1. Between residue 92 and residue 15, what is the spin-label point distance in nm, taking each point 7 Å from the Cα along the Cα→C-beta axis?
2. Throw me the Rg/Rh for segment 1-62, computed over C-alpha atoms with Kirkwood Rh, two decimals.
3. If each of residue 34 and residue 46 carries a label point 7 Å out from its Cα toward its Cβ, how far apart are those two points in nm?
4. Sorting 61, 95 on the 10 Å Cβ count, fewest up front, what's the list?
């Protein structure tokens, strides 16, 4: 049979272990709250980013109708007429200019 002193020592150890467990529990509880706040912030950010992606997809799905002829295009074509002798070469050069203009327009629309 254990003496009264041994029992008191065991109870004190048990009290110490309970105190340590309570501190660990409180720390874990605080960490859970912090992680939940962080999760909420990340979910908000994700939702905003998803909305932004949808908005940008809508913009890219709309065909751009800003492909009107400009004076600059005609100047470029006139400057290159001496370089391109045949109609096929001229058509090819015009196609390249049109593709480049479309890339520029797409790039500019993605910036806004």
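1. Simple spin-label model gives 9.5 nm for this pair.
2. Rounded to two decimals, Rg/Rh equals 1.63.
3. 2.1
4. 61, 95
Every number in this text was worked out from the coordinates using simple rules, so none of it is lab data. Just so you know, these numbers come straight off a predicted model, no measurement behind them. Every residue, glycine as well, gets a Cβ built from its backbone with ideal geometry; the counts of neighbours run over all protein chains shown.
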